[in-house]
Structures are given as C-alpha cells and as structure tokens.
Amino acid sequence: WINGHFLGNRPNGYSSFSYNLTDYLNYDGSENIIAVKVNRTAYVDSRWYTGSGIYRKVQLIKKSKLHIEQWGIQITTPEVSNENAVVSINTKLNNSSALDFENFSLSYSIQDGKGNNVTSKDIAISNVEDIVKIKLDVKNPVLWSTDTPNLYKLEVKLVHNGNVIDNTTEVFGIRTFNFDANTGFSLNGKKLKIKGVNLHHDAGAVGSAVPKGIWEYRVAQLKSVGVNAIRFAHNPHAVEL
C-alpha cells in the first residue's frame, strides 16, 4: 500500500517487480507511508524453510516523466570475431506526460574494463512508442570467458536540450558459444567441458536474505575446485548473484 491505496500483491517472492507510486504520493510536505504485509497462511513448507518476508533489495527510484523504461535495455552481440563485434542495443522509453520530442536524443557509449571509451553514438528521438534500435561496433573485442571474465560497460543517456534527464548503465560481456551434438559445447570457438553445481536461492543456515559477500565467498570456493557453471534452482536468484 502507498498512503492507504492498495497497489497490488506479488504471489511469487523471487522475481523482480515494480510499482508506480506517482499518483498516490503526497506532495504537500506530509509523510508518505509505504506498507508491506507478508502473508504465509496459504503456504506449507515441505522439505525446508524457504524464507519469508523481504529478502531482496528494495529501491525507491525517481525518474523524469520521459525516461528509460525499467529493464528497458536489451544487449546482444549477434556478430563476433577477433577483429570486430557488433553490439545490438534495444532501448524502450516511457512517456508519462504530453512531452513533445523536440531536441530529445539518446546518447550511447561503451567503455572497456579499464574505463576507456571504445565507441559512442548519439541519435535523435522521433517516436517514444517505438523501441529504439541501434548497433555499435567494438573493434578488436576482448572476449569474455570463464578464465578471463572481461566485461564492457554500456552507458545510455536520455538528453533534452543538452541536459541529461535520465541515464542507466548496463554491464555485459562479448563472447560466442555453440552446442553441437557431436562435439559438445564450445566457448569462443574452443571446446569447454561444463562443470556445474546446483544452487538454491538461499545460503543455508544464513537464510534467504543473502549478503553479497556470502555469494562472493561461495562462488570463489566453487571456482577454486574447478566449477565453471551454476544451475540456478529452482527460481530466479537475487540480482547480486
């Protein structure tokens, strides 16, 4: 609830979700009250206690009326070679007002793991209803692998009359992979035997609200004995992992 108004309920406690509070906030300086009720009366735990309450990160996000949609950035790398990687980016915008589109643009930039800018592009926006699609080239890409987990950072800025009104940053890797019935799995053109483990969303006796440091410790321990893959069971895990 927000200020007594029922926003909704979430029957599954694993997947991320969001609510728009705009229409129900007090703007006169008085308090805004957010209330959350956890109801476990409909559930019976069978094998173990799976956790109850708020065990994922909660954020209050402030956006301009025209903004980049939450989870509105999609990144794929459809073409990858040693000389060049094509980075395909889809951007979904949200317009909660009657703003026109004069002097609006999207600015894209990609940095490597050392923070160096490797490519950038600015495009004007003409229609917020359409998903904005662009492709950027990364020359001589440094590929991601299980032994060298190199990452790039994409920064997207929404600009109006030269002022940044929204921005978001996404981290991604560039790599190729292939499954073949005869030769098995390959990563970046090299055969790779998948050595995996299964992990539930909790951390055993630590519980379901798992600190990031616990995941870092567990993953480091698994990697030290040769693990290179994790099966997330049986529900979506925390964003931190």
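With Ile89, Ile123, Ile110 as the choices, which residue is in a strand (DSSP E or B), aliphatic (A, V, I, L, M) and exposed (fewer than 15 other Cβ atoms within 10 Å of the Cβ)?
After applying the criteria, what remains is Ile123.
Considering only residues that are in a loop (DSSP other than H, G, I, E, B), surrounded by fewer than 11 Cβ atoms within 10 Å (Cβ to Cβ) and modelled with pLDDT of 90 or more, which ones fall in the stretch 191-241?
Lys193, Val225, Gly226
Here is a list: Gln59, Gln70. Which entry is at pLDDT 90 or above, over 20 Å from Leu151 (Cβ atoms) and either aromatic (Phe, Trp, Tyr) or not in a strand (DSSP E or B) (or both)?
After ruling out the rest, the residue left standing is Gln59.
Please go through the stretch 126-158 and pick out each residue that is closer than 30 Å to Ala220 by Cα and part of a loop (DSSP other than H, G, I, E, B).
Asn140, Pro141, Val142, Leu143, Ser145, Thr146, Asp147, Thr148, Asn150, Leu151
Under 8 Å by Cβ, and 6 or more places apart or on different chains, what pairs join a residue from the stretch 114-135 that is farther than 16 Å from Ile174 by Cβ with one that is open to solvent by less than 90 Å² (accessible area, probe 1.4 Å) and not in a strand (DSSP E or B)?
Ile125/Phe101; Ser126/Phe101; Asn127/Phe101; Val128/Phe101; Val132/Ile125
Mind counting the residues in the stretch 1-20 that are within 14 Å of Leu60 (Cβ to Cβ), without any contact (Cβ under 8 Å) to a residue 24 or more places away in the chain and open to solvent by less than 60 Å² (accessible area, probe 1.4 Å)?
The total comes to 1.
The values are calculated or read from the model by the stated rules, or taken from the named source; none is laboratory data. In this text, all values refer to a predicted model and were calculated from it rather than measured experimentally. When we count neighbours, we look across all protein chains shown, and the Cβ atoms used for this are built from the backbone with ideal geometry, even at glycine. Note: areas computed on protein heavy atoms with side chains; ligands, DNA, RNA excluded. Shrake-Rupley method; radii C 1.70, N 1.55, O 1.52, S 1.80 Å.
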